[in-house]
Amino acid sequence: MKGGAILAIVVVALFGMWGCSQYNGLVTTDSEVQTAWANVQSAYQRRADLVPNLVSTVKGAANFEQQTLTQVVEARAKATSIQLKAEDLNDPQKMQQFQQAQASLSQGLGRLMMVAENYPQLRATEAFVGLQSQLEGTENRINTERNRYNEVVQRYNVKVRSFPLVMFAGMMGFSAKQPFQADASAQNAPKVQF
Amino acid sequence: MRYALRLLCLLLLGIPVYGQKINLKSAGPVTDAANLFSNNEREILRQKLNAYEDSTSNQFVVVTIPSLEGMDANQYATELGHQWGVGTKNKDNGVIILISKGDRKAYIAIGRGLEANITDFTAKQIVRQYMVPAFRQGQYFQGTNTAVDALISAASGAYKSDASSSGDDDFSGLIFFLFILILIILFFVVVSKASRRNRGGDGFGGGYGGGPIIFGSGWDSSSSSSSGWGSSGSSDFGFGGGDFGGGGAGDSW
């Protein structure tokens, strides 16, 4: 009788500790997701910070197409106004909004660089060449951080959705998070040629 | 039976999902998979990069490959740096000079910690100024060597080498693990003492002895599988675990 009680305590204790380690693993992955998301955001921020410089440089070129410039400025304003907090990463709608805003800025910038091809004097200036390589690097960073974020989210989602955590994850406030979707608009967006 | 059990465990734990992995083994500071350098040239580069690492702790790596296998040069170099962990862990001070012979592309990937010293623009200039013209004439060593020199002077003053190696993370984890283990053993000792006192003592103490050990190994493996895999793959060569965030620039020749 006594031995059975002890055995029960031991089993419960072991199960509890195992549960703790599972929970801790989830917390770790969750904070990894948050870090990855912060990196994504700072990469996008970096691009947004670049736009005013780019616009003022391009404006200096004689009669540069105004429409393209306004589009970029508007897209930037919209992209910076839509911020997505780490807590909202499980909301597909908010994620989509965020992605759309950033995608329209990508498109605007792509068009701007394409139009700039028609202005040889502009392309020859040091300022423009510098900005061009910065923009290129920024897009690379965005891609890198997006991929890393997706990898971590995938790992996190597998944990949250698989047995046995799937039974408790929701209760403890963990829910599957949204990865970046390859956006349809990006596929026919003008390609930036450097 | 045992195989079936193992399979079941694997299924229950969930198989980790990898991102795209590059299948290229590192041969140290110079990995010449495309055979662009002679033995002598390789040795010169290797000595230069090793000496540079000794004095600054910056890890610069030259990699030549036959083809990018359809990947972007930036993507390939960044992923490779991430995978190998070029640079030291806290400084992220690695640089990868990637040359793809088949694609006629050169790319310099800058670790996160050196991005302020070697900007994308600087990297671009170095590729255009030193690598592209030399590579057009087939002088791969010449171009790479001068590019390495230019990178070294661009990164000068960023970091100094420090003698103390960083192993704190693993150590504190071990202490925590031992602490828990001791707690568990104490728990079992108390429980078995109590049961012995009440029941007049029989073989139970020994029977429970295996408990913490079984639990210990199980806990250990589950914690290592949740953190170690996926993100930072181990490298064949002893790089320091530095990270790359997509910085750098390249060009084709």
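A few points about this structure:
- Just one of the listed residues (A:145, A:74, A:151) is out of contact with any His (no Cβ under 9 Å at 6 or more places or on another chain), of a type in the set (Asp, Glu), in a helix (DSSP H, G or I) and more than 10 Å from every other protein chain (Cβ to nearest Cβ), and it is A:74.
- If you go through the range A:7-23 and keep only what is within 20 Å of residue A:161 (Cβ to Cβ) and either loosely packed, with under 13 Cβ neighbours inside 10 Å or at pLDDT 85 or above (or both), you end up with nothing.
- Among the residues here, residue A:111 qualifies as more than 30 Å from residue B:191 (Cβ to Cβ), in contact with a helix residue (DSSP H, G or I) (Cβ under 7 Å, 6 or more places away or on another chain) and crowded, with 17+ Cβ neighbours inside 10 Å.
- On the stretch given as the range A:12-42, residues that are more than 10 Å from every other protein chain (Cβ to nearest Cβ) and not aromatic (Phe, Trp, Tyr) total 12.
- Residue A:60 being over 17 Å from the mean Cα position of the chain (by Cα) and within 13 Å of another protein chain (Cβ to nearest Cβ): no
- Members of the range B:112-121 that are facing chain A (nearest Cβ under 9 Å) and surrounded by 19 or more Cβ atoms within 10 Å (Cβ to Cβ): B:115, B:119, B:120
- Tallying residues that are touching a residue at least 24 places away in the same chain (Cβ under 8 Å) and part of a helix (DSSP H, G or I) within the range A:56-71 yields 5.
Rundown of residues vs (1) on the phi < 0 side of the Ramachandran plot; (2) in a helix (DSSP H, G or I); (3) polar (S, T, N, Q), yes/no style:
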position	(1), (2), (3)
A:88	yes, yes, no
A:93	yes, yes, yes
A:98	yes, yes, no
A:104	yes, yes, yes
A:109	yes, yes, no
A:114	yes, yes, no
A:118	yes, no, yes
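- Test for residue A:101: is it surrounded by fewer than 19 Cβ atoms within 10 Å (Cβ to Cβ) and without any contact (Cβ under 8 Å) to a residue 60 or more places away in the chain: no
- Among the residues making up the range B:46-84, those that are within 14 Å of chain A (Cβ to nearest Cβ) and either assigned to a helix (DSSP H, G or I) or in contact (Cβ under 8 Å) with a residue 40 or more places away in the chain (or both) are B:71, B:73, B:74, B:75, B:76, B:77, B:78, B:79, B:80, B:81, B:82, B:83.
- Residues in the range B:72-103 that are under 16 Å from residue B:249 (Cβ atoms) and more than 18 Å from the chain's Cα centre (by Cα): B:72, B:73, B:99, B:100, B:103.
- Only one of the listed residues (B:102, B:94, B:70) is in contact with a Gly (Cβ under 8 Å, 6 or more places away or on another chain) and among the small types (Gly, Ala, Ser). That residue is B:94.
- The set of residues in the range A:122-135 that are more than 7 Å from chain B (Cβ to nearest Cβ) and either buried (at least 19 other Cβ atoms within 10 Å of the Cβ) or part of a helix (DSSP H, G or I) (or both) comprises A:122, A:123, A:124, A:126, A:127, A:128, A:129, A:131, A:132, A:135.
The values are calculated or read from the model by the stated rules, or taken from the named source; none is laboratory data. Quick caveat, the model's predicted, so the values are computed rather than measured. Cβ coordinates were reconstructed from backbone atoms using ideal geometry, including for glycine residues, and neighbour counts include every protein chain displayed.
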